[in-house]
Amino acid sequence: MNYNVLKNQITRRVLLVACSTALAVGFMVSLSQPAHAQNITPPPVPEGIQVEAGNEAFLLGRGVGTQNYVCSPCDPTKANCPLRVAFTLFTPQATLFNDQREQLTTHFFSRNPVQNGIIRATWQDSRDTSTVWASLVNSAVVRADSIAWLLLNVKDTGTQAGPTGGDRLTKTTFIQRLNTFGGLAPSTGCLSSIDLGHQAFVPYKADYFFYKKSIGWRRGSIPWRREGTGRHNRPVLLDSCLNDRVTDQ
């Protein structure tokens, strides 16, 4: 047999094995993607509630629930306390869903064990009960008839894995509350000391964007190159498998 023919036959077999392996790896990676992977694109936000560079959105929850207020004494020297009483938020009570209406988390106030029991805004994963607490960084009023948009810090406030090690939320660094509708404290029902203790549960909606630290492109043993964006990235080796041809001489 001609030496060049034999050489090319061996080369073809090697390429076929390599291509089969690469295709199998690519297929397995595609299977590992969530069935309902979200395409998360946060909207433009006012200055002061942008998330700092080096973080990327990984989860979007559509929040539906109530902002719960109680009529309480307040400081009459403050602009929002002309009557010595005012509604004070004592907890949100909301559920976050994805775009397929699957429940993601619950949202409420609770004591943060990482900060010696300080009450913080809280999100708990509905599947693995991993929990995060957040403190306010900044707010911006976008609609006069709705609660403010918020930037909240998780990375310096606290996270906790679930009882069986669940960690779906523990990578969270920041949360933005955006696209709010409703939720403002009522203008009536807390006008004098007679109303102290009166509660109001005000419906609201909001989008919650969860951020994590950005992860650079990882290079492994197979030479990878970005092709397109998102889930359409593929390795160079796959292109070679599809395009290269070995012919007998």
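FYI, it's all coordinate maths here, none of it is from the lab. No experiment lies behind these values; they were computed from the predicted model shown. No Cβ is skipped: glycine too gets one built from the backbone with ideal geometry, and neighbour counts run over all protein chains shown.
Of everything in the range 64-87 that's hydroxyl-bearing (Ser, Thr, Tyr) and surrounded by 14 or more Cβ atoms within 10 Å (Cβ to Cβ), which residue is nearest to residue 209 (Cα to Cα)?
Per the criteria, the residue is 66.
Any chance the range 63-82 includes a residue that's among the β-branched types (Val, Ile, Thr), in a loop (DSSP other than H, G, I, E, B) and touching a residue at least 12 places away in the same chain (Cβ under 8 Å)?
no
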